[in-house]
1. Most exposed first by the Cβ proxy, i.e. fewest other Cβ within 10 Å, how do THR199, THR168 rank?
2. Would you work out the charge dipole size for the chain about its Cα centre, treating the Cβ of every Lys and Arg as +1 and the Cβ of every Asp and Glu as -1, and quote it to the nearest 20 debye?
3. For the residues ASP119, ASP204, ASP160, what sequence is obtained by ranking on other C-beta atoms within 10 Å, fewest first?
4. Show that you can apply the helix-only estimate: for the chain, add -39,500 (n - 2.57) for every DSSP H stretch of four or more residues, divide by all residues, and state [θ] at 222 nm to the nearest 500.
5. Compute the relative contact order of the chain as a whole-number percentage, counting only Cα pairs closer than 8 Å that sit 6 or more residues apart in sequence.
6. Residues with amide H under 5 Å of CYS32's amide H, sequence separation 5 or more or different chain, H placed in the peptide plane at 1.01 Å from N; which?
7. In the chain, with Lys and Arg counted as +1 and Asp and Glu as -1 at Cβ, which of these residues, ALA107, LEU146, VAL22, has the Cα nearest the positive end of the dipole, that is, farthest along it?
Amino acid sequence: MTTLAAVLDPFLSLLYPPRCLVCRALGAAGLCTACLEQIVSVADPACPVCGHTVDLNDGCLNCLSRRPAFVRARALGAYEGVLQTAIYHFKYRDRPQLAGPLGRSLASFARDQCAHLNDLKFDALQPVPMHSTRRRLRGYNQSERLARVVCTELGLPLCDALVRSRPTRPQVGLAREARCHNLAGAFTVRRPEEVRGKTLLLIDDVATTGSSLSECAAALRAAGAAAVYGLTLAAG
C-alpha cells in the first residue's frame with residue numbers, strides 16, 4: 001500500500017492540488033500564509049489573568065465572577081474572521097490537517113508571550129480532553145492534535161492524565177454561569193502521579209469565558225499539580 005500510494009500521489013496531486021481551506025488559494029495545504037497574517041489579535045486592554053479584552057470601567061467579568069483556577073491564559077487571536085473560519089473547519093468539517101499550521105502559529109505566539117506563560121518552563125502540555133462519545137463521533141480531539149504540534153515545536157512532552165469523565169452539553173450559546181455549571185465536576189485525573197508537583201500548560205481551541213480551562217486547571221490542581229497555565233487559539 002505504501003508503494004502504491006507513492007506511485008499515485010503525483011497523479012492525485014495533479015487532480016486535487018493542495019488549497020488553503022479558508023480562501024481556497026492554490027499551493028497551501030491547510031492554511032496559507034496570507035490567511036495566517038489576517039488573524040486578528042485580542043484587542044487591548046486585555047485582562048492580565050485570562051487574556052480576554054476587558055472594559056476599562058467594569059474590569060474582567062470572567063475573572064470577577066469566578067476567579068480562574070489557572071495562573072494565566074493567553075489566546076493567539078480573537079474569535080473572528082479567518083481564525084473563526086479555520087477553527088470551524090478544524091472542528092466540524094473533518095479537517096485535522098489544520099492542526100499543523102494552527103499549531104505552529106500557536107507555538108510561535110507562545111514564544112512571543114513567554115513572559116506571561118512562565119517563560120515556557122513547563123513540565124508538560126495537557127490538551128483539554130473530549131468525552132469518549134464525542135471523540136468517536138468526531139474522529140479526533142482537535143485540542144490534542146494542536147497540543148501535539150505545539151509539543152513538537154516547543155520541545156515539551158505531552159500529558160494525557162486529564163479525562164472528561166462525563167458528557168456535557170456543548171458550551172456554545174450558554175451564559176457564563178450556565179457554562180460553569182455545565183462543566184462542574186466534568187474532568188478528573190486518572191493518573192495523579194503524572195501531574196503531582198508539575199507545572200502544566202493547557203491547550204484548547206477556543207476560550208469564551210475561560211470556564212473549560214478553569215475547570216481543567218481545578219482538577220489538575222486537586223490532583224497535586226503545582227501550577228496550571230492556559231493557551232488557546234482564540235478568545236471570545
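1. On the way: THR199 16, THR168 19.
Fewest-to-most Cβ neighbours within 10 Å comes out as THR199, THR168.
2. Details: 28 positive and 19 negative charges, 159 e Å.
Magnitude of the dipole: close to 760 debye.
3. On the way: ASP119 8, ASP204 24, ASP160 16.
Final ranking by Cβ density, sparse to dense: ASP119, ASP160, ASP204.
4. Details: 9 runs with 89 residues, N = 236.
The helix-only estimate for the chain comes to -11000 deg cm²/dmol at 222 nm.
5. Values: 417 pairs, mean separation 51.4, N = 236.
Reported as a whole number, the value is 22 percent.
6. Those qualifying (amide H under 5 Å, at least 5 residues apart or on another chain) are LEU21, VAL22, CYS23.
7. LEU146
Rule-based calculations on the coordinates, nothing more; no lab input. Computed from a predicted structure; not experimentally measured. Because the Cβ atoms are built from the backbone with ideal geometry, glycine has one as well, and the counts that use them run over all protein chains shown.
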